[in-house]
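In what follows, a single structure is set out as structure tokens and then discussed.
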Amino acid sequence: MNIKDKNIQELEKICQDIRNEILRVVSKNGGHLSSTLGATELIVAMHKVFDSKKDPFIFDVSHQSYAHKLLTDRWNEFDTLRQFNGLCGYTKPTESEDDYFVAGHSSTSISLGVGAAKAIALKGEQESRVPVIMIGDGSMTAGMVYEALNELGDRKYPMIIILNDNEMSIAKPIGALSRILSSAMASPFYQRFKKSTESFVDNFGETAHYVAKRMEEGLKLITPGIMFEEMGINYIGPVDGHNLEQLIEIFQKAKKLDTPVIIHTQTIKGKGYEIAEGKEEKWHGVGPFDLSSGSSTKKNSIKNATQIYTDALLHLCEKNEKIVGVTAAMPSGTGMSALMEKYPERFWDVAIAEQHAVTSMAALSKEGFKPFCTIYSTFLQRAYDQVIHDTCLMDLPVVFALDRAGIVGEDGETHQGAFDISFLRAIPNMTLFAPRDEKSFHHAMAFASVYDHPCSLRYPRGLFIETDLPESLPFKLAKSQLLKSVESDTLFIGYGNGVGRAYKTAELLKEEVSILDLRFVKPLDTQMLKNLACKHKRWFVFSDSAKIGGVGSALLEFLSNEKIADIELTSFEYEDIFITHGSTKLVEESLGLLPEQLVKRVEHKNECEI
């Protein structure tokens, strides 16, 4: 959609049309809602002033980029948002040339912008291209942002950074005076005046320079931009993020500055949909809902894994006042909201700061507390050094509770919880285990609460796969549970939610098979495995995790170390790919992981061996 020649009234109509389309599709498909509604005018103004075909448009996290998708020739495909083989919920260059970079984790945008600005300078394209960044105030809590700003302020690459402040966490606008100052600071006159004044006072010694600096800082105190200015980056704002005319005027002026500039805009989350307007976290990411009432259209009375985790941790906290916990900007998503509400002095949300979360809990652990670090599997990747250097190196008993392990569905490649087993299993002092259902989850949590070394347990998004297998026994270190033993050459080994998948597959088989709940992938139950190796020669591994470095790899290492050569092992873990978005069932079907598909693979394998 070309909006370059549209007037303000036409652009405001386009904003309303965009909001209506976002509401229509997200209410049907689910997705990110409040932030993307609030960013609509910002994105329309970006496309009015800049050119996404040549200017790198870089959205931090990019969950707020739906309006950008609609403005870049994807309106007719928007119905497929977050659907299998449809549009991704985040920016994705393979989807459109207007999407500069893959994004799904926060606080990467300014670093990407610095890299893009360096490339533009090296190519001699600074006259025709400028990186345009949109970053939310929440993403400004991560250290990576300040690493990038530190270099940017030193090197002064031209860049436009649009700070979308939708929580009023930085400053409140100061009415007409703020609007006048924001426009004035962006003007060529102010910038020339600033440079000429600096040059002028330099000729009159330190006293004049000090007085001029103090006057400028006094003016800046009316705005919250002094920190950015001190870093060497021009600041403009606060600006009304829903005033198209003002946004376009300021973007045009900033474009001419030929310097890094932060434009501090303030928006209302959920703008245009009254039910979602405000700061309520539940409207950040939503499932399908009824537009008229805002009520969810999906109801499920069965407890999901996150709810079970919350219940188990609350129960443990009642008995042990040393238990503490942390999450990184995901209190409701990880089930920590209830803990923070009941025990506000013991449970914390540290914002988007996984590295800080892990290291701070390591110190609490050293002081005799029992921390539960509750983080999505995909986000723990961001704190890998802290897990190794600050936790495992000192053998501190921190518990890493990894939500969203396995396929997460519509959030796709950047959020699939595929790699935690692979990257944690390599770390000395780390213990890895996983529950298979509600009862075993409580047992796993009880074990974790008294275990005196670093450990990690993983569990899926949504529900565990239901089974009628024997009831879980209490967890003991490096002990598996043999759930079914029959006279068969075939053994199904399940880990975590993979136990349910193994059971569902076994139900469809013509022959009976033995089923083992592995429970611990590090350390393994070596005695049980040795015993089973004497009886079962075909092992099939079921785990919602990457194959490389995963559960199958751990078992192959065991067989190699024990010099057991007559076992044929087949792993049904994820192949060496990034897994696409879509409903979990369709994604698993595309990977050949549904029980009805797995049973055919097992039967084919067995027939080939006969």
* Where only C-alpha atoms are counted, convex hull volume of the stretch 295-432 per residue in Å³ -> 122
* For the Cα atoms of the chain, what angle does the longest principal axis make with the long axis of helix 526-535, in degrees from 0 to 90, nearest 10? -> 50
* Among Asp79, Asp468, which comes first, then next, by fewest other beta-carbon atoms within 10 Å? -> Asp468, Asp79
* Which angle between 0 and 90 degrees, to the nearest 10, do you get for helix 188-202 versus the longest principal axis of the chain when only C-alpha atoms count? -> 80
* Quick one: order Leu594, Leu42 by neighbouring beta-carbon count within 10 Å, fewest to most. => Leu594, Leu42
* Note the full-extension length gain between Asn20 and Lys319 as 0.36 nm times their separation in residues minus their Cα-Cα distance, in nm to one decimal. => 102.6 nm
* Asked: Quick one: Ser106, Ser293, Ser62, Ser514, fewest Cβ neighbours within 10 Å first, how do they rank?
  -> Ser293, Ser514, Ser106, Ser62
* Structure fact -> At R0 = 25 Å the Cβ-Cβ FRET efficiency linking Asp154 and Leu122, nearest 0.05, sits at 0.90
* Length released on extending from Leu594 to Leu508, taking residue separation times 0.36 nm less the Cα-Cα span -> 29.8 nm
* **Stretch gain in nm, segment His453-Asp79, where the contour uses 0.36 nm per residue and the Cα spacing is subtracted** => 129.8 nm
* **Modelled label reach - Glu12, point 7 Å along Cα→Cβ, the stretch 241-265 residues with backbone N closer than 16 Å** => 241-249
* Asked: In nanometres, what is the gap between the two model label sites at Glu97 and Glu274, each 7 Å from Cα along Cα-to-Cβ?
  -> 4.4
* For the stretch 349-358, what does the Karplus curve 6.51 cos²θ - 1.76 cosθ + 1.60, with θ = phi - 60°, yield as ³J(HN,Hα) per residue in whole Hz, taken in order and with x for Gly and Pro? -> 9, 9, 6, 6, 8, 4, 4, 4, 4, 5
* Would you mind getting me the FRET efficiency between Asp489 and Gln252? Use the beta-carbon distance for r and R0 = 60 Å, nearest 0.05. => 0.25
* Asked: Ignoring the sites themselves, what is the longest stretch of the chain with no chymotrypsin sites (Phe, Trp or Tyr not before Pro) in a DSSP loop and at most 11 other beta-carbon atoms within 10 Å?
  -> 205-577
* Asked: In degrees from 0 to 90, rounded to the nearest 10, what is the angle of the helix 40-49 Cα long axis to the longest principal axis of the chain?
  -> 60
* Structure fact -> Percent relative contact order for the chain, counting Cα pairs under 8 Å at least six residues apart, stands at 11
* Rounded to whole Hz and in sequence order, give me ³J(HN,Hα) for the stretch 545-551 from the Karplus expression 6.51 cos²θ - 1.76 cosθ + 1.60, θ = phi - 60°, writing x for Gly and Pro. => 7, 5, 5, 5, x, x, 5
* Asked: What do you get for Rg/Rh of the stretch 481-609 when both radii come from the Cα atoms and Rh is the Kirkwood radius?
  -> 0.95
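Just so you know, all these numbers are worked out from the coordinates, no wet-lab data involved. Quick caveat: nothing in here was measured; it's all calculated off a predicted structure. Note that we place each Cβ from the backbone using ideal geometry, even for glycine, and neighbour counts take in every protein chain shown.
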